[in-house]
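The values are calculated or read from the model by the stated rules, or taken from the named source; none is laboratory data. The model shown is predicted, which means the values in this text are computed figures rather than measured ones. As a convention, Cβ positions derive from the backbone with ideal geometry for all residues, glycine included, and neighbour counts pool all protein chains shown. Just the protein is used for accessible areas: all its heavy atoms, side chains included, with ligands, DNA and RNA removed. Shrake-Rupley method; radii C 1.70, N 1.55, O 1.52, S 1.80 Å.
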Amino acid sequence: MEKLVIRDALVVNDGRSFQADVLVHGDRIERVAEEGMGAAAGAKELIARGKLLLPGAIDDQVHFREPGLTHKEDIAHGSAAAAAGGITSYMEMPNTVPQALTQELLEEKYRMGAASSVVNYSFFMGVGSHNLSEVLRTDPRTVCGLKAFLGSSTGDMVINDDAALDALFREAHMLLAIHAEHDPTIKQELEKRVARYGADIPIEEHPLIRSAEACYRSSSAAVARAKAYGTRLHVLHISTARELELFEPGPLEGKRITAEACVHHLWFSDADYRSKGTLIKWNPAVKTAADREAIRAAVNEGRIDVVATDHAPHTLEEKAQAYQQCPSGGPLVQHALPAMLELAREGVFTREQVVEKMCHAPARMFSIPDRGYIREGWKADLVLVDPESPWTVTREGLYSKCGWSPFEGQRFHNRVLRTWVNGRLVHADGRVDRNVRGERLRFDR
Ligand code: DOR
């Protein structure tokens, strides 16, 4: 088994930043030596002075589009983009074609992950209106969670019938992640805009159509239902200030109801529609700067438990269509960590907080053993970052199959230099080793 000593890195871990030598042996971290380490026989050496060493990020919401939508993205490209961005594990969503609504279709996705994912993977079981018995067969130790769309988004996979929702919330035997937007409210707002603009609805109307009210009506009803039934509920991509009152501040431990924020809702605001147009059309929509400020504060307060991407590629041709035809979503895994570290540089978060929300908390929330921290005996999922290496996002450097990024032209100071998955170097200096294979995530629950 190979040995590697990473010397003199600034390790950001467990709420602290400290200088240490880290020894990787095979797929595990063998030593974290704050006092420094002598020569390790047979080990390769990497001098990392001035560089940050972080646990690999764990992204609990991506869409890698395989099977069925592979003209937008696939597991090979999406996982390569993740590796290049310092994300070493991901959890993928069920709105593929076919949708992952049976155990057989779900396991088929795991076979695809095993065949082509260069980082660690898990796939959510999809909840439709008529598959509860299949949903309840999901194994909580080998599958990250259940995913339900309570409002429609890409792929027409909605469950909005009260009786079906009651049954789901009552019976769910493991973490239930939801997309919360209230369709009737959205429809009403859309009809007003169609009457006013016809087919030419300006993108600036998007956050008023998929409104704060539509988010609150759906997420507040879901939280009330989860409280009534004791459901383990995880509300994805919070986009409004108002919804934050639904969640408790403080640490994750003991919470039955948790919340996620996504990088685009922490970075962009409605002022950006003018320059970015439909490239930043997401569901839920990017809303006001005041919403963004409130979500940032909620990350620091603990009302938001994890930060993820909702990486959701579409082709540029698809994104160039008129408002109603243009699909929502954009690629993010390659730039999420640099963007969050940029916000840390600006003082919005601390580096330790970024690591807590992107690496530690997802591991604890999903009870992933031996990952998410830099600890002796734990899996060597690691990221080396140069915090003083300014670079600009260009189309040529992108790994996602869709071939564009909402961050094109953006200058970041933090550059992901190297990424290791289970001790194997999967990304170094702008190149991804496509021969590496990640592992299926396991869950201690
Ligand atoms: O913007 C989005 N795109 N939000 C979602 O919920 C789905 C995603 C997609 O799959 O395109």
task: Name the residues whose placed amide hydrogens come within less than 5 Å of the amide hydrogen of Thr258, ignoring near sequence neighbours (fewer than 5 apart) on the same chain.
output: Leu233, His234, Val235
query: Going highest first, how would you order 105-112, 12-19 by mean Cβ packing within 10 Å?
result: 105-112, 12-19
message: Between Ala115 and Ala289, what is 0.36 nm times their sequence separation minus the Cα-Cα distance? Round to one decimal in nm.
response: 58.4 nm
- request: Convert each backbone phi in segment 147-153 into a coupling constant with the Karplus relation 6.51 cos²θ - 1.76 cosθ + 1.60 (shift: θ = phi - 60°), then list the ³J(HN,Hα) values in order as whole Hz, x for Gly and Pro.
  value: 10, 10, 8, 7, x, 7, 9
statement: So for R0 = 45 Å, FRET eff. of Glu318-Ser17 from the Cβ-Cβ r, to 0.05, ends up at 0.60
- prompt: What does the charge dipole of segment 1-118 about its Cα centre add up to, to the nearest 20 debye, if the Cβ of each Lys and Arg holds +1 and the Cβ of each Asp and Glu holds -1?
  reply: 320 debye
query: Taking segment 43-173 as the region of interest, what is the percent of Cα-Cα pairs per 5 angstrom bin, listed from the shortest bin to the one with the maximum distance?
result: 2, 10, 19, 20, 17, 12, 8, 5, 3, 2, 2, 0, 0
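How many Å² of accessible area per residue for the chain, probe 1.4 Å?
Each residue of the chain exposes 37 Å² on average to a 1.4 Å probe.
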- request: Could you list which residues have their amide H under 5 Å from that of Ser400, counting only those 5 or more apart in sequence or on another chain, with H placed in the peptide plane?
  value: none
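Take the Cα radius of gyration of segment 156-264 and divide it by 2.2 N^0.38 Å, with N its residue count; two decimals is plenty.
1.19
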- request: Enumerate the amide H contacts of Glu2 below 5 Å, restricted to partners 5 or more residues apart or on another chain; note that Pro and chain-start residues carry no placed amide H.
  value: Gly26
message: What does the net charge come to around Leu425 if you take all other residues with beta carbon closer than 11 Å to its beta carbon, with K and R at +1 and D and E at -1?
response: +1
- prompt: Residue by residue, what Karplus-based ³J(HN,Hα) values in Hz, rounded to whole numbers, does segment 134-145 have, using 6.51, -1.76 and 1.60 with θ = phi - 60° and x for Gly and Pro?
  reply: 5, 4, 6, 7, 5, 8, x, 8, 10, 10, 5, x
message: Quick check on packing: order 76-83, 220-227 by the mean number of other C-beta atoms within 10 Å, highest mean leading.
response: 76-83, 220-227
- request: Specify the residue with the greatest mean-square fluctuation among Met340, Met125, Met365, computed from a Gaussian network of the chain linking alpha-carbon atoms under 10 Å apart.
  value: Met365
query: Rounded to the nearest 500, what is the chain's calculated 222 nm mean residue ellipticity when only DSSP H runs of at least 4 contribute -39500 (n - 2.57) each, over all residues?
result: -7500 deg cm²/dmol
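Taking the highest mean first, how do the peptides 245-255, 204-214 order by number of other beta carbon atoms within 10 angstrom per residue?
204-214, 245-255
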- request: Measure off, as a whole percent, the carbon and sulfur share of the 1.4 Å-probe accessible area of segment 253-396, all protein chains present.
  value: 46 percent
- line: Expressed as a percent, the accessible surface of segment 41-160 that is carbon or sulfur, using a 1.4 Å probe and the full set of protein chains, is 54 percent
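Less than 15 Å Cβ to Cβ from Thr350, Lys/Arg counted +1 and Asp/Glu -1: what total charge do the surrounding residues give? The partial results should precede the final answer.
Details: positive: Arg16, Arg296, Arg345, Arg351, Lys357; negative: Asp14, Glu301, Glu342, Glu346, Glu352, Glu356.
Result for the neighbourhood of Thr350: -1.
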- prompt: What is the magnitude of the charge dipole of the chain about its Cα centre, with +1 placed on the Cβ of each Lys and Arg, -1 on the Cβ of each Asp and Glu, and no other charges, expressed in debye to the nearest 20?
  reply: 360 debye
message: Can you work out the Karplus-derived ³J(HN,Hα) for every residue in segment 382-396? Use 6.51 cos²θ - 1.76 cosθ + 1.60 with θ = phi - 60°, whole Hz, and x for glycine or proline.
response: 9, 9, 9, 10, 8, x, 10, 9, x, 8, 10, 6, 10, 4, 4
